[in-house]
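What follows draws every value from the coordinates through simple rules; no lab data is involved. Just so you know, these numbers come straight off a predicted model, no measurement behind them. Don't worry about glycine lacking a Cβ; one is built from the backbone with ideal geometry, like all the others, and counts go over all protein chains shown.
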Amino acid sequence: MIEIPAALPGSDLVRDGIADLRAGRQTEAAMLVAMAAPRLRALGLDVPEWTGSEPSHQLYEMLCSTVQSPHSRYNALVARIVSFARAAEHAPSR
């Protein structure tokens, strides 16, 4: 397992999402990390398995009930996790 560098964009989401998955909490961060789990695991992160239904659908449903523009928020969250993964893949320590 590798450390999540705080300097990487979206590291807060990844850190929170992993913690939430471990605790069994269904949060925006947890669903986002569950969606990106294969890519994050390939980076060496210890991402717990998500055993619920499709995390992308769960995330969107959550956003529909909490924000006015769920589609925009969903896209912004996905962009942050992709940005994290790209930055981690190109970090000097890899």
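Key figures
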{"item": "Sequence-separation-based contact order of the chain, relative, with Cα cut under 8 Å and 6+ spacing, percent", "result": "31 percent"}
{"item": "Span from the region 66-89 Cα centroid across to the region 9-44 one, whole angstrom", "result": "12 Å"}
{"item": "Karplus-derived HN-Hα couplings along region 9-23 (A = 6.51, B = -1.76, C = 1.60, θ = phi - 60°), whole Hz, x at Gly and Pro", "result": "x, x, 4, 5, 5, 5, 4, 5, x, 5, 4, 5, 4, 4, 7"}
{"item": "Electrostatic dipole magnitude of the chain [Cβ: Lys, Arg +1; Asp, Glu -1; Cα centre; debye, to 20]", "result": "200 debye"}
{"item": "The chain: angle of helix 70-89 to the longest principal axis, Cα-based, in degrees nearest 10", "result": "10 degrees"}
